[in-house]
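One structure is given here, and the rest of the page talks about it.
The values are calculated or read from the model by the stated rules, or taken from the named source; none is laboratory data. Because the structure is predicted, anything quoted here is derived from the model rather than measured. As a convention, Cβ positions derive from the backbone with ideal geometry for all residues, glycine included, and neighbour counts pool all protein chains shown. The area values use the complete protein model at the heavy-atom level, side chains included, leaving out ligands, DNA and RNA. Shrake-Rupley method; radii C 1.70, N 1.55, O 1.52, S 1.80 Å.
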Amino acid sequence: MESRPFVLKHMLPISRVERYWKGLEEGKIYGTRCQSCGASFYPPQADCSFCYSGDMDWVEIDGEGVVECFTRIQRPPQGFEFASGGYVIVVAAFGSFKVMGWFKGEGLPEVGMKVKAETGKDELGVWKVYLTPL
Amino acid sequence: MKVGVIGVGCSKFGVRRDVTLQEVAFEAVKEAMTDAGVSRDDVELSVVGTAGTRSYELMPAVPVNEYCGFAGKGPLRVEAACATGSAAVYVAYSSIKAGLVDVAIAIGCEKMTEVDTATSLAVGGRGGSYLWEFHQYGTTFPGHYAMHASAHMSRYGTTEKQMALVAVKNHRNAARNPKAHFQKEVTLEEALASSYVAYPLRLFDCSPISDGAAAAILASEKKIKELGVDNPIWISGVGYSSDTANLSRREDYGGLRATVNASRMAYKMAGIDSPLKQLDIATVHDCFTIAEIMAYEDLGFCRKGEGGMFIKEGESDFGGSIPVNTFGGLKAKGHPLGATGVAMVYEVVKQLRGEAGSLQVDLKNYKGLTHNIGGTGHFGWVFVFEV
Ligand SMILES: [Zn+2]
């Protein structure tokens, strides 16, 4: 026997970090830095979790990143049927920020590989970071 | 006031299309109640641990609690992802420790196979921080651990073969555990020939999607004397920790800081300074084979980076320096999220009482450990038990 269908789709309240999402559309990746204690946040956040200040600077993340870890997802979850062939997720360090992104390169990356960050949107129109080998 | 475990129960793990969540919980509770020799009237508080979402019952604590006969005794519903069971045990433990009640039951239960695999992956992938991980990048739970595996392999030379050896050991143990999801052995060749789920993790590096339940009844020292329980297993160490939701905010991917911190807290409380010399048995959180290798290191069973050699040398097998996951681990016994932490208590209690049959370890110190992680170090729980 099957249950009644149940669809869960949420509205995402992004107004306090709208600069980030606008930035992706302009090809820029922003983190935030606390004006009071200097803590850096990526993903960006509007409040400082360390000193509770609400005064943040938006900081652009660019330059050369270094791959710290990666995986190739072979079995995509619900919602990623468009990427049924799989995709590679990377976390790369850019100075004091670490950035997650989809790898845009041949084959698999390696830990320690140098990458640059770009922005773009996937087949469903979701903006994200792509990391390309240098 | 000491707190002891006086009764444990565990259902058969596996694809349990034959039972509802409350029915599978009942199997574990009935066994635990019989094992403890207490009546429903003795139990003052019920704690229901279930991660939820994959089961049709979205607010499951009440139906589970009622079906198990505890309407009016709680329930408290707790959730800590894959460490939900340990969090349930902690609530029962701390309620007794605080003197609020003398007897409490922790019920861990999960139905995971009522949705399809793609949906299950989409629920697990939401562990962490949805907006910045799953929404943008389609992270999955195997993917989270695979990222750690890539860093561990690169930094320490850990191999796919060493990871597969964890699967071989745990399947060998599960083959002799009638409650295990997979009661069959796998060869190293079979494990290494399985396809990748999330590179570098293959199908045989992953725990299955399982249904199941476990229950533990805890009591105060005073009540244990009053009831005349002659085989209590005391909780002598408790440790907990956690880490950032976003993986991109972690310092390092070669281990889990939540394990290091939770274990040191539990060791301090239990007076453990040399775990290999003082513990007879450990259950560690092997949701993926790399997780067991990192656990050896982060729990202090070996030095950082030597986990691959620890499994290769047989140190975590029967006859090794500390038998780990003797009932088959999450890897082969199964990993019904809410049940897992309580099922670890079941295993250690059975071992320390000498009731583990053909899977019995040698007892010298009469001490054992449970290590239960939620998400990818998002929650960390360690308990030390002693006779
Ligand atoms: Zn600050």
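Under 10 Å from the Cβ of B:Lys364, count the other residues' Cβ atoms, weight Lys and Arg +1, Asp and Glu -1, and hand me the total. Don't skip to the answer; put the middle values down first.
Numbers: positive: B:Lys277, B:Lys367; negative: B:Asp280, B:Asp362.
In short, 0.
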*Tell me which residues come under 5 Å, amide H to amide H, from B:Cys82 once H is placed; ignore anything under 5 positions away on its chain.*
B:Gly375
*Applying 1/(1 + (r/R0)^6) with R0 = 35 Å to the Cβ-Cβ distance of B:Val15 and A:Asp55, what FRET efficiency is obtained, to the nearest 0.05?*
0.10
_What whole-number distance in Å separates the alpha-carbon centres of the stretch B:1-27 and the stretch A:11-50?_
44
_Show me the ranking of peptides B:292-301, A:114-123, B:81-90, A:11-20 by mean Cβ neighbours inside 10 Å, starting with the highest._
B:81-90, B:292-301, A:114-123, A:11-20
*asked:* Explain nothing, just compute: Karplus ³J(HN,Hα) = 6.51 cos²θ - 1.76 cosθ + 1.60, θ = phi - 60°, for every residue of the stretch B:114-122 in order, whole Hz, x for Gly and Pro.
replied: 7, 10, 6, 5, 4, 6, 4, 5, 6
*D for the stretch A:62-134, whole µm²/s, Stokes-Einstein with Kirkwood Rh over alpha-carbon pairs at 25 °C and 0.890 mPa s: what number?*
196
*Scattering profile of chain B at q = 0.07, 0.09, 0.12 Å⁻¹ [log10 I(q)/I(0), Debye over alpha-carbon scatterers]*: -0.26, -0.45, -0.82
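Count, for each residue of A:43-56, the Cβ atoms from other chains sitting within 10 Å of its Cβ, then give me the mean as a whole number. Write down the numbers at each step before the final one.
Numbers: counts 9, 1, 2, 0, 0, 0, 1, 0, 0, 0, 0, 0, 0, 0.
Across the residues of A:43-56, the mean count of other-chain Cβ atoms within 10 Å is 1.
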*Using only atoms on other chains, find how many Cβ atoms lie within 10 Å of each Cβ of peptide B:246-255 and report the average.*
5
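Which whole-number percentage describes the relative contact order of chain A, with Cα contacts under 8 Å and a sequence gap of 6 or more?
Numbers: 254 pairs, mean separation 27.9, N = 134.
This gives 21 percent for chain A.
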_Strictly over 23 Å apart at the Cα level, which of B:Lys97/B:Lys364; B:Lys161/B:Lys304; B:Lys30/B:Lys364; B:Lys277/B:Lys331 would you flag in this model?_
B:Lys97/B:Lys364; B:Lys30/B:Lys364; B:Lys277/B:Lys331
_On C-alpha positions alone, give me the angle between the axis of helix B:21-36 and the longest principal axis of chain B, in degrees, nearest 10._
60
*Taking the alpha-carbon centroid of each part, what is the distance from the stretch B:52-98 to the stretch B:310-359 in angstrom?*
23
_5 Å is the cut-off here: which amide hydrogens, built 1.01 Å from N in the peptide plane, fall below it relative to B:Arg202, excluding neighbours closer than 5 in sequence?_
B:Val197
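Would you mind calculating the relative contact order of the stretch A:62-134 from Cα pairs under 8 angstrom and at least 6 residues apart, reporting the percent as a whole number?
33
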*Carbon + sulfur, % of accessible area of chain A - ligands and nucleic acids excluded, 1.4 Å*: 49
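Report the B-A buried area as the accessible area lost on both sides summed, probe 1.4 Å, in Å² to the nearest 100. Could the numbers behind the result be given before it?
On the way: alone 14310 and 9190 Å², together 20400 Å².
Roughly 3100 Å² of accessible surface disappears when B and A pair.
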*Accessible carbon and sulfur surface of chain B relative to its total accessible area, %, 1.4 Å*: 52
_For the protein assembly as shown, what does the convex hull of the Cα positions come to per residue, in cubic angstrom?_
150
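Can you give the helix-only mean residue ellipticity at 222 nm for the protein assembly as shown, where every DSSP H stretch with n ≥ 4 adds -39500 (n - 2.57) and the sum goes over all residues, rounded to the nearest 500 deg cm²/dmol? Working shown, then result.
Details: 15 runs with 152 residues, N = 521.
Calculated from helices alone, the mean residue ellipticity at 222 nm is -8500 deg cm²/dmol.
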_Apply the Karplus curve 6.51 cos²θ - 1.76 cosθ + 1.60, θ = phi - 60°, to the phi angles in the stretch B:295-301 and return the couplings in whole Hz, x for Gly and Pro._
5, 3, 6, 5, 7, x, 6
